[in-house]
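The values are calculated or read from the model by the stated rules, or taken from the named source; none is laboratory data. Quick caveat: nothing in here was measured; it's all calculated off a predicted structure. Here Cβ is always computed from backbone atoms with ideal geometry, including for glycine, and neighbour counts include all displayed protein chains. Each accessible area value is taken on the protein alone, full model and side chains, heavy atoms only, with ligands, DNA and RNA left out. Shrake-Rupley method; radii C 1.70, N 1.55, O 1.52, S 1.80 Å.
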Amino acid sequence: MIKQVISILEKEVKLEWRNKTAFNGILLYLVSTIFICYLSFNLKRGQMQIDTWNALFWIIIVFANINGVAKSFLQEGEGRMLYYYTLCKPHIILSGKLIFNVLLSILIALLGFLVYAVIIGNPVNNYTYFLLTILFASIGFSGVLTLVSGIVSKANSSTALMAVLSFPILLPILLMSVRLSKNAIDGINISVMNDKLFTLISVDAIVITTAYILFPFIWRN
């Protein structure tokens, strides 16, 4: 089972490495969107209000994830899906794609934070909790988008459905991430951040558990 999951993960990495267009497109999206925000607010570096800085950051990261992570099952043809079906169990396919999507989502968030901090400024006080928020938010985003990608891959207008179906499910994770990162920026008491971080981890666990329960039924269809 572990070897099969690793094989799926290696396949995803190799496909992404050979076709760098997708990742380069995400990188271009991050840089251009952040720079447009900088020009639109007509601010010097470090002058944006904290609430605006925080909200814009997570909006950019969410839509970068939708553009990058959501293609997980959308890029698979029906023939390849049938081939996978004859080789291994559905939870193995889900595990390999989910691990890859988590790594990709974390990379997108870290690159986005780096570019965002360089262009607009960096008001973060507690880097530990801010990076933990990025980590667990990326896990939640990946779990939701991987599952929804598997669902909408069965529909004809899958690209249009992706954003429509995923955003309402992503919203609770997004709101908790915004609040937790705001606390990390302000340097609020650690006990308060621990409670909210535990809530975010719990939501991630629910999302991933739901994905493993529902995906075999989606896979059979």
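For the stretch 178-221, the fraction of C-alpha pairs more than 14 angstrom apart is 60%. Size descriptors for the chain: radius of gyration and Dmax over Cα atoms are 18.0, 57 Å. Each Lys or Arg adds one and each Asp or Glu subtracts one; over the other residues with Cβ under 13 Å from the Cβ of Glu10, this totals +3. If the chain linking Gln49 and Ala22 were pulled fully straight, counting 0.36 nm for each residue of separation and taking away their Cα-Cα distance, it would gain 6.5 nm.
Taking 0.36 nm per residue of separation and subtracting the current Cα-Cα distance, fully stretching the chain between Leu110 and Thr209 would add 33.1 nm. Counting only DSSP H runs of at least 4 residues, each contributing -39500 (n - 2.57), and dividing by the residue count of the chain, the helix-based mean residue ellipticity at 222 nm comes to -29000 deg cm²/dmol.
Of the solvent-accessible surface of the chain, computed with a 1.4 Å probe and all protein chains present, 67% belongs to carbon and sulfur. Taking the longest Cα principal axis of the chain as reference, the axis of helix 127-152 is set at about 30 degrees. Normalised by the number of residues in the chain, the mean separation of alpha-carbon contacts (under 8 Å, six or more apart) gives a relative contact order of 28 percent. Mark the label point 7 Å from the Cα of Cys88 along Cα→Cβ and return the residues of the stretch 1-35 whose backbone N is within less than 19 Å of it. It comes to 1-18, nothing else. Each principal axis of the Cα cloud of the stretch 85-160 was taken in turn, and the coordinate range along them, longest first, works out to 50, 26, 14 Å. Largest first and in whole Å, give the semi-axes of the stretch 88-130's equivalent ellipsoid, each being the square root of 5 times a Cα gyration tensor eigenvalue. Gyration-tensor ellipsoid for the stretch 88-130: 32, 11, 4 Å.
With respect to the chain, whose longest principal axis is taken over its alpha-carbon atoms, helix 158-186 is tilted by about 40°. Working from label points 7 Å from Cα in the Cα-to-Cβ sense, the Leu39 to Asn189 distance is 4.6 nm. Electrostatic tally near Phe136: other residues with Cβ closer than 14 Å to its Cβ, Lys and Arg +1, Asp and Glu -1, net 0. In whole percents, the pair-distance distribution calculated for the stretch 116-199 from its alpha-carbon pairs, binned every 10 Å from zero, is 17, 38, 26, 15, 3.
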